[in-house]
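Engineer: Submitted below is the structure of interest, expressed as structure tokens.
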Amino acid sequence: MAMLSEVTGTMSDEPTRAAMMVEAVVGNAWATDAAGRFVYITPGMLAPLGIVREDLNGSDDPAFGWKPLVHPNDYEAAAASWRQSLRDERAYDATHRLRAADDTFRWGRCSGRPVRDSENRIVGWYGAVLDWEAIRERDRELSQLVDMVPSHVWRLTPDGEPTFFNRRMADYLGLESTDTALGGLAELIESVHPDEVCMFRETLGRSLASGEPFSLRYRLRRADGAYRWMSSRAEPLRDHADCILQWYGVCHDIDDQVLTEEALRRSKHQLEQMIDALPINILSFDPARKLTYASKRYLSTAGMPGEHIQDFEGLAREVSHPDDFPTMFNRASAGFANSEPFVNRFRRRCMDGVYRWIEARAQALRNANGEIVQWYIVSIDIEEEMQAQEALRERERFVWQLVETLPAMVDCASPDGEPVYRSQQLREFLGYELEGLLDTNGSRLMQTLDAGVHPDDLAAVKKDYAQCLRTGEPYARRHRLRRHDCEYRWVETRAAPMRSADGAIVQWNVICLDIDAEVRAQEDLHLAQERLARASQAASLAELSASIAHEVNQPLAAVVWNSHACQRWLAASPPNLDRVHVTVERIIRDANAAAEVVSRIRALFKQTVAPHHRAAIADLISDVGRLLGDRTSRMRVEIETDVAADLPAVPFDFVQIQQVLVNLMRNAIEAMEGHAPKPRLGVRAVCDGEVLRVEVSDNGPGVLYPEKIFDAFFTTKQSGMGMGLAICRSIIESHGGRLWAERNRAGGATFAFTLPTHAPEPA
Ligand code: ADP
């Protein structure tokens, strides 16, 4: 009180400063002496009311002085309370309405506390008047603020028990009130989602124990049972001794954000999965060409770019084949510089060091202003495609070389015959290029034919070409074609159509062979053959003559021998005329035989046919059997004759057909000789429609050269002449029949001939 006495009295510097401080800080403060007389009151509180401090001490009643300041209805109670406090030396606290400057009343809170000296005597009172309404207003505003913030606000005791939830949080949790009926910490934890409850408890426990701020994301159950994501933060409020007084926390509902984040994450994941699943590699670069992204597939094929890789150029230089880098980089640089998409095909090194062909396509992503924000480069592996292309090119090269190096002239023509391609050999042969033909004249084919084909062949060639083009049939023809040096050379031209799957002609492929040398050689050969044939004829004639001589010699020798015998029989005495008679008959017979041989041979070579007489073939067969009787019995050949009983008599030259049968049967016997242990000769005669068929079969080795045996002079025998079958065929054919050989199923050969049952018409 001493100090305040001085305040009111002398107002030294220190107290003045103290008063100023009080006024500045507290606003409305007062001080009285022990008896309740005001020694100080905030001047600003009284001045507007037109009263001064002394007016408050105008009566003995310590409460009476401030009566004008208090609402009449409240004054008595407030005065009584003050008097009571003075009397009982107890703290004074009263709430009542106070007069304001505009003569209205506002609720205020008036508090006073006694100040005691060292002997515990009250030396004065200090007090303050608070504008209760303002406080209440502020409190309401604060409550509103706390309730209105779009967050949950809460307060915990130092040991974690909740003491306050704002309205929003209470509503969320379904609590009746914000500060009454609060759930305990256990209830709060029970509202946390089971998946996060452990983490929540542990994190909160750690913060409460350490005093470190609490921060956590978790799902909190709403009153309706739905869980929503919250982001919660809490910090402790400490007193001057650093002890935790309270924990204040906020909790934001971030459910929508989390769901959006999750959806984003999901779609990002899906996108990544899709990118990884697609057989493509993706890289992205920022506008400064710094690498910003590499897809998983890229990393797993090309490998992680080294630390030193700064930008596109570094990466390109690192992974692309040195031979491909310059072109690829130039194209990319041009694309970047002009902000235009670009495509590169080059060999890129894989992790295993092997280069594979890829195709990379780059495209810029632009923002709304059209500025480039990213460059995306998508690349695909085209190794197989490149290999296939290379193989195709190689094949093309091969086919082209094949066509160009074929020892033939090749020409390709469109479906209407117009030449579209000519191999080098053809071009060189003709001496002009396809392009050299005039387009004005219409058909290049006709120009080529007119210019090249020999005039004598031209019409036929054109006709054949026209026929092929009309029908689609292949073309083949020999003709003369003029070479570049104007020499006509024989060529063989063949053309065949190449068709599509549906059968339409897509191209004519033409091959043209220079056969001039061959044709000339053939001509020479032909001449040589003719000469040879003539020479052979001469030679064969000599052989034939020898054979004829042999045939004729025998009967002539017999004639000579019998003539000598005849002479002897005549020179005998007496002459043996009987023997002479017999011998002369033999001479006549043998001479006739010789004459017969000669006339038959003459007839054969003159191709004259002797007069035919109808005769029974059965007689002929038995006749020949008899003729060959000696030989068959010597060789023990079993003869099976099978002659149909009702065979008609047919017209034939008995001697010639006998000669045929003898020849066939003798051949059969000779074939079986030394081959068949049981030689069997079959002779069969049947009537087969208009012809009589005679078959001679054996069980020899069979015919080894069926296509040659009927040729003259073909023989497999040491002493054979090879004329027998040729003559036989000639005889049979001159009778209008046929002679042929067959192989028997059981082995051996069958020779058969036919004779018409009626005489052939004279030619
Ligand atoms: P040659 O009897 O003088 O050889 P041919 O013209 O009569 O002349 O016969 C020609 C050839 O036909 C014979 O050399 C022989 O090789 C073959 N040939 C003929 N008949 C028979 C047969 N029955 N079996 C097997 N080969 C035969």
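Engineer: Name the single residue, out of those in the range 624-643 being over 17 Å from P679 (Cβ atoms) and surrounded by 14 or more Cβ atoms within 10 Å (Cβ to Cβ), that is nearest to the chain's Cα centre (by Cα).
Structural biologist: V643
Engineer: Also: Looking at N344, N330, N369 in this structure, which one is more than 30 Å from Q425 (Cβ to Cβ), within 28 Å of the chain's Cα centre (by Cα) and not small (G, A, S)? Write out each step before concluding.
Structural biologist: Values: N330 fails: within 28 Å of the chain's Cα centre (by Cα); N369 fails: within 28 Å of the chain's Cα centre (by Cα).
Of the residues listed, the single one that is more than 30 Å from Q425 (Cβ to Cβ), within 28 Å of the chain's Cα centre (by Cα) and not small (G, A, S) is N344.
Engineer: Kindly state which strands (runs of 3 or more DSSP E) lie completely within the range 179-269 and contain at least 2 residues that are touching a Leu at 6+ places or on another chain (Cβ under 7 Å) and surrounded by 15 or more Cβ atoms within 10 Å (Cβ to Cβ). Walk me through how you get there before you give the answer.
Structural biologist: Working: elements: 214-221, 227-238, 244-253.
Correct list: 227-238, 244-253.
Engineer: Follow-up question, since we're still on this one. Would you mind stating whether R361 is among the charged types (D, E, K, R) and either modelled with pLDDT of 95 or more or surrounded by 11 or more Cβ atoms within 10 Å (Cβ to Cβ) (or both)?
Structural biologist: Working: among the charged types (D, E, K, R): yes; either modelled with pLDDT of 95 or more or surrounded by 11 or more Cβ atoms within 10 Å (Cβ to Cβ) (or both): yes.
Against the criterion (among the charged types (D, E, K, R) and either modelled with pLDDT of 95 or more or surrounded by 11 or more Cβ atoms within 10 Å (Cβ to Cβ) (or both)), R361 qualifies.
Engineer: Now for a separate question. Looking only at residues that are farther than 15 Å from W740 by Cβ and either within 13 Å of the ligand (Cβ to nearest atom) or free of Cβ contacts under 8 Å to residues at least 24 places away in the same chain (or both) in the range 690-707, which one is farthest from the chain's Cα centre (by Cα)?
Structural biologist: Here the answer is D698.
Engineer: Then there is this: Does F751 satisfy the condition of being near the ligand (Cβ under 8 Å from one of its atoms), over 60 Å from the mean Cα position of the chain (by Cα), assigned to a strand (DSSP E or B) and at pLDDT 85 or above?
Structural biologist: It is true that F751 is near the ligand (Cβ under 8 Å from one of its atoms), over 60 Å from the mean Cα position of the chain (by Cα), assigned to a strand (DSSP E or B) and at pLDDT 85 or above.
Engineer: Just need a number here: residues in the range 713-722 that are of a type outside the set (D, E, K, R) and either in contact (Cβ under 8 Å) with a residue 24 or more places away in the chain or more than 7 Å from the ligand (Cβ to nearest atom) (or both).
Structural biologist: Count: 4.
Engineer: Output the number of the condition that S320 fails; it satisfies all remaining conditions of (1) out of contact with any Ser or Thr (no Cβ under 9 Å at 6 or more places or on another chain); (2) in contact (Cβ under 8 Å) with a residue 60 or more places away in the chain; (3) surrounded by 15 or more Cβ atoms within 10 Å (Cβ to Cβ).
Structural biologist: Condition not satisfied by S320: (2).
Engineer: Tell me, please, whether a residue that is within 16 Å of the ligand (Cβ to nearest atom) and part of a helix (DSSP H, G or I) can be found in the range 648-657. Show your work before the answer.
Structural biologist: In the first step, residues of the range 648-657 are kept if they are within 16 Å of the ligand (Cβ to nearest atom); the result is 656-657.
Then keep just the ones that are part of a helix (DSSP H, G or I); that gives 656-657.
Yes, some residue in the range 648-657 is within 16 Å of the ligand (Cβ to nearest atom) and part of a helix (DSSP H, G or I).
Engineer: While we're looking at this one, here's another question. Against the definition (over 20 Å from A746 (Cβ atoms), within 11 Å of the ligand (Cβ to nearest atom) and of a type outside the set (G, A, S)), how does T632 come out, yes or no? Walk me through it before giving the result.
Structural biologist: Working: over 20 Å from A746 (Cβ atoms): yes; within 11 Å of the ligand (Cβ to nearest atom): no; of a type outside the set (G, A, S): yes.
The answer is no for T632.
Engineer: Look through L681, L725 and report the one residue that is in a helix (DSSP H, G or I) and either under 60 Å from the mean Cα position of the chain (by Cα) or surrounded by 19 or more Cβ atoms within 10 Å (Cβ to Cβ) (or both).
Structural biologist: Sole residue among the options that is in a helix (DSSP H, G or I) and either under 60 Å from the mean Cα position of the chain (by Cα) or surrounded by 19 or more Cβ atoms within 10 Å (Cβ to Cβ) (or both): L725.
Engineer: Return the residues of the range 733-745 that are within 13 Å of the ligand (Cβ to nearest atom) and of a type outside the set (F, W, Y); say none if nothing qualifies. Outline the logic, then answer.
Structural biologist: Keep residues of the range 733-745 that are within 13 Å of the ligand (Cβ to nearest atom), which gives 739-744.
Answer for the range 733-745, where residues must be within 13 Å of the ligand (Cβ to nearest atom) and of a type outside the set (F, W, Y): L739, A741, E742, R743, N744.
Engineer: Test of understanding: among G127, G108, which residue is part of a strand (DSSP E or B) and modelled with pLDDT of 90 or more?
Structural biologist: Unique residue meeting the criteria: G127.
Engineer: Of A668, A649, A712, which residue is crowded, with 19+ Cβ neighbours inside 10 Å, under 30 Å from V598 (Cα atoms) and small (G, A, S)?
Structural biologist: A668
Engineer: State all residues of the range 66-93 that are closer than 21 Å to D131 by Cα and in contact with a Lys or Arg (Cβ under 8 Å, 6 or more places away or on another chain); if no residue qualifies, say none.
Structural biologist: Residues satisfying the conditions are P68, L69, V70, H71, N73, D74, Y75, A79, A91, Y92, D93.
Engineer: Only one of these conditions is not met by F710: (1) without any contact (Cβ under 8 Å) to a residue 24 or more places away in the chain; (2) within 10 Å of the ligand (Cβ to nearest atom). Which number is it?
Structural biologist: Among (1) without any contact (Cβ under 8 Å) to a residue 24 or more places away in the chain; (2) within 10 Å of the ligand (Cβ to nearest atom), F710 violates only (1).
Engineer: I've got another one for you. Answer yes or no: is there a residue in the range 680-689 that is more than 7 Å from the ligand (Cβ to nearest atom), over 24 Å from G629 (Cα atoms) and modelled with pLDDT under 90.
Structural biologist: yes
Engineer: Still on this structure, please answer the following. From the set of residues in the range 723-732 that are of a type outside the set (A, V, I, L, M, F, W, C) and closer than 25 Å to I639 by Cα, which is nearest to the ligand (Cβ to nearest atom)? Step through it out loud before you land on a result.
Structural biologist: Restricting attention to the range 723-732, the residues satisfying the condition of being of a type outside the set (A, V, I, L, M, F, W, C) are 724, 729-730.
Remaining after also requiring closer than 25 Å to I639 by Cα: 724, 729.
Numbers: G724: 3, R729: 9 Å.
Checking each candidate, the answer is G724.
The values are calculated or read from the model by the stated rules, or taken from the named source; none is laboratory data. Quantities reported herein were computed from a predicted structural model and do not represent experimental measurements. Every residue, glycine among them, receives a Cβ derived from its backbone with ideal geometry; neighbour counts consider all protein chains shown.
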